[in-house]
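Here the structure comes first, spelled out in structure tokens, and everything after it is commentary.
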């Protein structure tokens with residue numbers, strides 16, 4: 001689990017990742033494919049499956065400590 005920085009947008013439907021900073025690289029999120037949540041005790045964890053056109057990421061967000069991380073990543077290039 002690698003911690004990352006994420007810029008998000010808020011609207012009436014919720015929170016959506018827009019830019020991911022992983023290491024020294026920035027990835028502009030073009031599509032949020034899926035969002036789901038789980039509870040670990042009293043803490044709600046959000047998972048966002050997103051893509052930038054070349055890569056797909058599963059991002060995790062902990063609502064208690066406000067930390068983001070990459071749960072999974074793969075390249076969409078063939």
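The values are calculated or read from the model by the stated rules, or taken from the named source; none is laboratory data. Everything quoted here is computed from the prediction, not taken from an experiment. Glycine also receives a Cβ, built like all others from the backbone with ideal geometry; neighbour counts cover every protein chain displayed.
Summary of values
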{"read-out": "Check on residue 4, surrounded by 15 or more Cβ atoms within 10 Å (Cβ to Cβ), free of Cβ contacts under 8 Å to residues at least 40 places away in the same chain and touching a strand residue (DSSP E or B) at 6+ places or on another chain (Cβ under 9 Å)", "value": "no"}
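Table: residues versus (1) closer than 16 Å to residue 4 by Cα; (2) touching a helix residue (DSSP H, G or I) at 6+ places or on another chain (Cβ under 6 Å); (3) at pLDDT below 95.
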position	(1), (2), (3)
39	no, no, no
43	no, no, no
48	yes, no, no
60	yes, no, no
67	yes, no, no
77	no, no, yes
